[in-house]
1. Given the criteria outside any loop (DSSP other than H, G, I, E, B), at pLDDT 85 or above and within 22 Å of Ile185 (Cβ to Cβ), does Ser128 qualify?
2. Within the stretch 250-263, how many residues are open to solvent by 50 Å² or more (accessible area, probe 1.4 Å) and either among the hydrophobic types (A, V, I, L, M, F, W, C) or touching a helix residue (DSSP H, G or I) at 6+ places or on another chain (Cβ under 8 Å) (or both)?
3. Which of the residues that make up the stretch 129-153 are of a type in the set (Val, Ile, Thr), farther than 14 Å from Phe36 by Cα and touching a Leu at 6+ places or on another chain (Cβ under 6 Å)?
4. Let me spell it out: the conditions are (1) crowded, with 22+ Cβ neighbours inside 10 Å; (2) at pLDDT 90 or above, and Ile146 meets all of them except one. Which number is the exception?
5. Spot the failing condition for Phe272; the list is (1) crowded, with 21+ Cβ neighbours inside 10 Å; (2) not in a helix (DSSP H, G or I), and only one is missed.
6. Would you point out which residue out of Ile158, Ile150, Ile184, Ile146 is among the aliphatic types (A, V, I, L, M) and either farther than 22 Å from Phe241 by Cα or within 21 Å of the chain's Cα centre (by Cα) (or both)?
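The values are calculated or read from the model by the stated rules, or taken from the named source; none is laboratory data. Computed from a prediction, not measured in an experiment: that's the story for all the values here. We place every Cβ from the backbone using ideal geometry, glycine too, and count neighbours over all the protein chains shown. Ligands, DNA and RNA are stripped out before the accessible areas are found, and what is left, the full protein with its side chains, is counted by its heavy atoms. Shrake-Rupley method; radii C 1.70, N 1.55, O 1.52, S 1.80 Å.
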Amino acid sequence: MKQRKAEWDVVITPKRKWYSLNLNEVFRYKDLIILFVKRSFNSQYKQTVLGPMWFVINPLLTTFISTLIFGNIAGIQSDGIPYFLFYLVGYTLWNYFSTCVSTTSTTFTANAGIMGKVYFPRLTMPISSVLFAAINMLVIFAMSIITMIIYMLKGCSIHLTLNILLIPILMFQTAILGLGVGIIISSMTTKYRDLAILVSFGLNLWMYLTPVVYPISDLSPKFRTIILLNPMSAIVQNYKFALLGIGDMEIKYWIVSQLTTIVLFLIGVLTFNRVERTFMDTV
């Protein structure tokens, strides 16, 4: 009786290069990535009453509070866009980015037990966190489109153009930037555990340095340039331009943002690979 041939074999070899991404191996473990995504979903909503409904409730509550505080009380302008829609659109990419950073920043500390028991490409864990955050982002994006349609039916001067085709590119860049920043922080927290506590504070500060709750047009030319050097600023501003048609397309600063994204991602993967070796020795 012939033995069934294995579909594929796993050969574990030491990493000899100073930089090793090895996406082929990560892709071979795509089923494990899906399993990690399901684990994140179950752990977050398993014993909640409303379950996945929090995907909708969270952004609605955040947008409502922002509309009340920044729009009605503070009176911050919204470039002629209804406050609720302006803040909902602004939070779409920012919420995705902040979720990517906060979840991937605990890759080593939260998964030490799994890493010490079995071999698998460690990048599957932060990638699964990014994919799980993408589910939440797509829900908010769908809510933004529905809200836009409602306001358009009410006579609001909002028009969808071909610029909307830029949105998938902006979403992908946000994922890469969040992944890069997150795994850099994750690598640093193996030595400096206090850094994990500062992540939430740092993200809140970063948000106010990004045109999420205010239009870039309200800033002075000098301060506007400083804000746009933030890699997330050009992404959020171009996203608002592509979807709502407000402001200008920041091509120059978007190119700078893209280069910064690539550099941070490469630094993140490099530090992730180097820290992985020393971290595994202590697990």
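1. Against the criterion (outside any loop (DSSP other than H, G, I, E, B), at pLDDT 85 or above and within 22 Å of Ile185 (Cβ to Cβ)), Ser128 qualifies.
2. 7
3. If the condition is that a residue be of a type in the set (Val, Ile, Thr), farther than 14 Å from Phe36 by Cα and touching a Leu at 6+ places or on another chain (Cβ under 6 Å), then Thr147 is the only one that fits.
4. (1)
5. (2)
6. It is Ile184.
Table: residues versus (1) at pLDDT 90 or above; (2) open to solvent by less than 90 Å² (accessible area, probe 1.4 Å).
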| position | (1), (2) |
| --- | --- |
| Leu179 | yes, yes |
| Lys191 | no, no |
| Ser200 | no, yes |
| Leu209 | yes, yes |
| Val212 | yes, yes |
| Pro221 | no, no |
| Asn230 | yes, yes |
| Ser233 | yes, yes |
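Conditions (1) of a type in the set (D, E, K, R); (2) over 16 Å from Val89 (Cα atoms); (3) free of Cβ contacts under 8 Å to residues at least 40 places away in the same chain, marked per residue:
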residue	(1), (2), (3)
Leu138	no, no, yes
Ile145	no, no, yes
Ile150	no, no, yes
Lys154	yes, yes, yes
Ile164	no, no, no
Leu170	no, no, no
Gly180	no, yes, no
Ile184	no, yes, no
Ser187	no, yes, no
